[in-house]
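> Take this structure, written in structure tokens, and hold onto it; I'll ask about it next.
The values are calculated or read from the model by the stated rules, or taken from the named source; none is laboratory data. Since the structure is predicted, the reported quantities are computational estimates derived from the model, not experimental observations. Every residue, glycine among them, receives a Cβ derived from its backbone with ideal geometry; neighbour counts consider all protein chains shown. Areas reflect the complete protein model, heavy atoms only, side chains present, ligands, DNA and RNA absent. Shrake-Rupley method; radii C 1.70, N 1.55, O 1.52, S 1.80 Å.
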Amino acid sequence: MRPTIGLLTSLGLSSVVSAAYDDGVQEPMRAPIDPTKYRAACPDYKNYAMRVHMPLSNGPLELPYQRPSKHCRTFGSPLVEQVIEHMSKRLVDKDLARLFENAFPNTLDTTVRWHVDGTAKHKFSKKHWDSEAWKGPQSFIVTGDINAEWLRDSTNQLAQYQLLAKKDKAIHNLILGAINTQAEYVIGSPYCNAFQPPAPSGLNPTSQGDGDEVHPEYEPSFVFECKYELDSLAHFLALTNQFYEHTGSTEFLTPRWLLALDTLLEVLLAQSKPTFDEKSGEYQRNEYTFQRRTNIGTETLNLGGIGNPLNGGTGLIRSAFRPSDDATILGYYIPANAMVSVELKRCAAMLQKAGKKPLASRVQGWGDSIEKGVWEHGVVQHKTYGKVFAYEVDGFGSSILMDDANLPSLLALPLLGFVPNDNAIYENTRKMILQKAGNPYYLSGQQFRGIGGPHVGLQHAWPMSVLVQAMTSDNDDEISNCLGLVKNVSLLGLVHESVNVDFGRDYTRSWFAWANSVFAQTILDLAKRKPHLLFGKDAEPYVVG
């Protein structure tokens, strides 16, 4: 048996080592066993992910194996297992290999709470729903340790599997189901960010219980939380656009999806209106308001749930909250505007090819006007860094200069498709936000450094931001340093939400599928773009799909 005392003692987990040491998979002691009864006995993954399970990796960090038993996994794909096998053999760093082995399948292993392929008839009352709702494949993807689906998180959680959707029918139907489910969410409550299990699933909703006062009103059994975040709508489009890009399929192009798109465009129209009427100057109340009973300023909107005033004529779209679920200070949130402009134009190209030319023209118009607004109002002059992208603006001339770890972000603008890496304004912005002098939420300590944000506090940086830094860099040393930083604070074999920069064992969320997906996406990006960094000198690129 390999020595493991150092690792287990450092983690304080020597008493909770999995007994399944031989192959890392918790198998039933006797066969046959009823799969339904076995699943009922599966451990809570939130607690499971906080403990060390064997076998340990062959690298110096001896990282644990964190995949649940195959009988406890929520979805399976032979192609996913094939990618894991290929990468595990090729990756020189066996600790990185173990992280990939745990992270790449984490969404499938743990977060697919409900999936149907569309052939079975739903057994639920339709009296509260349109008779056309919930048809076809459906997929409910939770964010991890919270039993709810965020539009943003679920899109990013599934992104690495889009590469396999053309070859794997099961993955194809899972993502198609996710598109259909998100469409129902957008139709039902387009201002909301997180949703309860679909009615046909038979799963019980979770009480959010924060006493929110929101307009438009929503149904609590349908909505988990109703923070209006522009990027949520952008991510609905991104999920669709990625699926179309990788499969060429337009199966999603149903009356329900088109209704969701129309609903989305109505929100863009409502949230493009300024606080004061441009002709009369009179105050006009926003369609969306949000107030929460809280002592945390980032959890609610000021001025009676409206937020700070915004000027007209900008071409930009208001976002009440950021992708961190924190309230915006100035409501024109630039990363989300950049993202939605790109996704609208991608959507328009798809609609054009599908023969829906009037709708394509309308969608293209929105994409063009928002993009123009970003360049005209989202670029400001910094006294040190020159022209940079602001994080938020109000159209009156005020701006917030910072970046947050959550996606979309300023750091991720090339990944969103808004600018190339070598765009001069992006390069200035990147320089600004990756140092403390330019970004108040760039945090650096003895064990970790990276971009954080107000959501967790001023001591915790997010591994997700460091991974985005790697994917937006062409510098081998910078990329290697980023991978090393994340690896060294992932001692439980999974990527956490945030990590204390001075004490790596202090982290938030043992189970956060989004962060693990971003890690997997980073490794797959480098396997294609920088194979020598992962596989050794003169290595050939590894391309999935």
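> Between residue 70 and residue 303, what is the label-point separation in nm under the 7 Å Cα-to-beta-carbon projection?
5.8
> Determine the share of the chain's accessible area contributed by carbon and sulfur atoms, expressed in whole percent, with a 1.4 angstrom probe.
That fraction is 50 percent.
> Here's another thing I want to ask about it. Report the residues of segment 102-116 in range of a label on residue 46: point 7 Å along Cα→C-beta, backbone N strictly under 17 Å from it.
110-113
> Please give the charge dipole size of segment 293-377, origin at the Cα centre, charges +1 on K and R Cβ atoms and -1 on D and E Cβ atoms. Round to the nearest 20 debye.
Working: 10 positive and 7 negative charges, 99 e Å.
So the magnitude is around 480 debye.
> Another question about this same structure. Based on the alpha-carbon gyration tensor of segment 264-303 and its eigenvalue square roots a ≥ b ≥ c, which shape applies: rounded if a/c is under 1.5, prolate if not and a/b is larger than b/c, or oblate? Walk me through the numbers before you get to the answer.
On the way: a/c = 3.67, a/b = 1.64, b/c = 2.23.
Since a/c reaches 1.5 but b/c is at least a/b, the shape of segment 264-303 is classed as oblate.
> Between rounded, prolate and oblate, where does segment 403-545 land on the alpha carbon gyration tensor, with a ≥ b ≥ c its root eigenvalues, rounded for a/c under 1.5, else prolate if a/b exceeds b/c?
In terms of gyration-tensor shape, oblate.
> Assigning unit charges at the beta carbon (Lys, Arg +1; Asp, Glu -1) and nothing else, what dipole magnitude in debye, to the nearest 20, does segment 407-544 show about its Cα centre? Before the final figure, lay out each step's value.
Numbers: 11 positive and 12 negative charges, 49 e Å.
Roughly 240 debye, rounded to the nearest 20.
> Enter the accessible area per residue of segment 503-545 (Å², integer; probe 1.4 Å; all protein chains in place). Intermediate values should be presented prior to the final figure.
Values: 1720 Å² over 43 residues.
Accessible area per residue: 40 Å².
> Related question: I'd like the Karplus ³J(HN,Hα) series for segment 222-232: coefficients 6.51, -1.76, 1.60, θ = phi - 60°, whole numbers in Hz, and an x wherever there's a Gly or Pro.
9, 10, 7, 8, 10, 8, 6, 10, 3, 5, 4
> Find which of 294, 204, 268 sits farthest along the positive direction of the dipole of segment 159-297, computed with +1 on the beta-carbon of Lys and Arg, -1 on that of Asp and Glu, about the Cα centre.
204
> Sticking with this one: Which lysines, on any chain, are close to residue 372 with Cα under 17 Å apart, when same-chain ones fewer than 8 places away are left out?
Leaving aside lysines fewer than 8 places away in the same chain, those within reach of residue 372 are 273, 345, 387.
> Whole angstrom only: what separates the Cα centroid of segment 174-224 from the Cα centroid of segment 63-122?
Cα centres, segment 174-224 to segment 63-122: 26 Å.
> Which value, in debye to the nearest 20, describes the size of the charge dipole of the chain about its Cα centre when Lys and Arg Cβ atoms bear +1, Asp and Glu Cβ atoms bear -1, and nothing else is charged?
Dipole magnitude for the chain comes out near 940 debye.
> Just need the relative contact order of segment 300-354 here, percent rounded to a whole number, with Cα pairs under 8 Å and 6+ apart.
It rounds to 29 percent for segment 300-354.
> Would you compute, from DSSP H runs of 4+ residues alone, the mean residue ellipticity of the chain at 222 nm, taking -39500 (n - 2.57) per run and dividing by the full residue count, rounded to the nearest 500?
Dividing the helical sum by the residues of the chain leaves -11500 deg cm²/dmol.
> Once you measure Cβ to Cβ distances between cysteines in the chain, which Cys have no partner under 4.7 Å?
Cys with no partner Cβ under 4.7 Å: 347, 482.
> Sticking with this one: Relative contact order, percent, of segment 158-306 when contacts are C-alpha pairs under 8 Å separated by at least 6 residues?
Working: 171 pairs, mean separation 40.1, N = 149.
The normalised contact order for segment 158-306 reaches 27 percent.
> Continuing with the same structure: Return the distance in nm (one decimal) between the two label points of a simple spin-label model at residue 132 and residue 282, each offset 7 Å from Cα along Cα→Cβ.
Taking the simple label geometry, residue 132 and residue 282 are separated by 3.7 nm.
> With the contact rule set at Cα under 8 Å and sequence spacing of 6 or more, what percent relative contact order holds for the chain? Before the final figure, lay out the partial values.
Numbers: 1029 pairs, mean separation 72.7, N = 545.
Worked out over the chain, it gives 13 percent.
> I'd like to know which of 417, 329, 103 lies farthest towards the positive end of the charge dipole of the chain, counting +1 on Cβ of Lys and Arg and -1 on Cβ of Asp and Glu.
Farthest towards the positive pole: 103.
> Something else about it: If you roll a 1.4 Å probe over the heavy atoms of the protein chains, what accessible area per residue do you get for segment 170-324, in Å²?
Numbers: 5770 Å² over 155 residues.
So segment 170-324 comes to 37 Å² accessible per residue, rounded to a whole number.
> Going by a ≥ b ≥ c, the root eigenvalues of the Cα gyration tensor, does segment 166-242 fall in the rounded group (a/c under 1.5), the prolate group (a/b larger than b/c) or the oblate group? Walk me through the intermediate numbers first.
Working: a/c = 2.94, a/b = 1.60, b/c = 1.84.
Judged from the Cα gyration tensor, segment 166-242 comes out oblate (a/c at least 1.5, b/c at or above a/b).
> Picking from 342, 249, 195, whose Cα lies most toward the positive end of the charge dipole for the chain (charges on Cβ: Lys, Arg +1; Asp, Glu -1)?
249
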